[in-house]
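Enquirer: Please find one structure pasted underneath; my questions will follow.
Bear in mind that the values in this text are calculations on the coordinates, not laboratory data. For clarity, every value in this text was computed on a predicted model and none was experimentally measured. Here the Cβ is made from the backbone with ideal geometry for all residues, glycine too, and neighbour counts use every protein chain on show.
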Amino acid sequence: MKDIVEVVHRYLRDSDTSWTVAVFGAIAEYHTVPGEPQEVRLSADGGTIIGSGGALRVALSGPVRLAPYEFLTKRRDFWLHGVNLCLPDDVADIGCGRPGLAELGPDEEAIRQDDRPAILFDLGLGRPTLQAMIRTADPSLIKALRGQVGRNLLGAEG
């Protein structure tokens, strides 16, 4: 695991690196804004990046495996490459297959202290390996999300 943590550390420090987490039907991305100062904190299991527009935490656990990839794009002179951090199915299943939007309350584990009072909503994607959430302090967005609590966003009515 030490080698994998070292790879994560290298890319947390690299401002040209983008990070994604995805399952079929949903993707979340973190990109560094060029020229924007970033605070990088490394830890024994990964680390964090903190910028003005958000933050990212990588906390590795279990039997993580690296799976590098690359593929061509529509641009002839450009290709994408990256590394997937993979877990076996039985470890990746974190049992969060909630089938509908749910309000979870203040985000007490937010990386940035100022974000902790904001309200956290589980998007309820029904995926056992990903709990996708949105955090907001915007009163109009909170009202709109509360009006959709229980609704399956990926279902026929979503």
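Enquirer: Relative contact order (percent) for the chain, with alpha-carbon contacts under 8 angstrom and 6 or more residues of separation?
Expert: That works out to 15 percent.
Enquirer: On to the next question. For the range 40-115, I need the span (max minus min coordinate) of the C-alpha atoms along each principal axis, in Å, sorted largest to smallest.
Expert: 47, 35, 32
Enquirer: A further question on this structure: Determine the dipole magnitude for the chain: charges of +1 sit on the beta-carbon of Lys and Arg, -1 on that of Asp and Glu, nothing else is charged, the reference point is the Cα centre, and the result goes in debye to the nearest 20.
Expert: Its charge dipole is roughly 280 debye.
Enquirer: Among ALA102, GLY150, PHE78, pick out the residue whose Cα is farthest towards the positive end of the charge dipole of the chain, where Lys and Arg carry +1 and Asp and Glu carry -1 on C-beta, about the Cα centre.
Expert: PHE78
Enquirer: If I fit a long axis through the Cα atoms of helix 2-13 and take the longest principal axis of the Cα atoms of the chain, what angle between them do I get, 0 to 90°, rounded to 10?
Expert: The angle comes out near 80 degrees.
Enquirer: Quick check for me: using +1 on Lys/Arg Cβ and -1 on Asp/Glu Cβ, what's the dipole size of the range 1-67 about its Cα centre, in debye to the nearest 20?
Expert: Computed charge dipole of the range 1-67: roughly 200 debye.
Enquirer: Taking the chain as the region of interest, what is the percent of Cα-Cα pairs per 5 angstrom bin, listed from the shortest bin to the one with the maximum distance?
Expert: P(r) for the chain, in whole percents per bin: 2, 8, 14, 17, 20, 18, 13, 8, 2, 0.
Enquirer: Please name whichever of GLY25, VAL40, ILE119 sits farthest to the positive end of the charge dipole of the chain, dipole taken about the Cα centre and charges placed at Cβ: Lys and Arg +1, Asp and Glu -1.
Expert: GLY25
Enquirer: Suppose only helical runs count, i.e. DSSP H with n ≥ 4. What mean residue ellipticity at 222 nm does that imply for the chain under -39500 (n - 2.57) per run, divided by all residues and rounded to the nearest 500 deg cm²/dmol?
Expert: Dividing the helical sum by the residues of the chain leaves -4000 deg cm²/dmol.
Enquirer: Another one. Net charge near PRO63: determine it from the other residues with C-beta under 15 Å of the C-beta of PRO63, scoring Lys and Arg +1 and Asp and Glu -1.
Expert: -3
Enquirer: Kindly identify the range 102-146 as rounded, prolate or oblate by the Cα gyration tensor criterion: order the square roots of the eigenvalues as a ≥ b ≥ c, call it rounded if a/c is under 1.5, otherwise compare a/b with b/c, prolate if a/b is larger, else oblate.
Expert: oblate
Enquirer: Quick one: grab the alpha carbon gyration tensor of the range 2-92, order the square roots of its eigenvalues as a ≥ b ≥ c, and give me rounded if a/c is under 1.5, else prolate or oblate depending on whether a/b is larger than b/c.
Expert: Verdict is oblate for the range 2-92.
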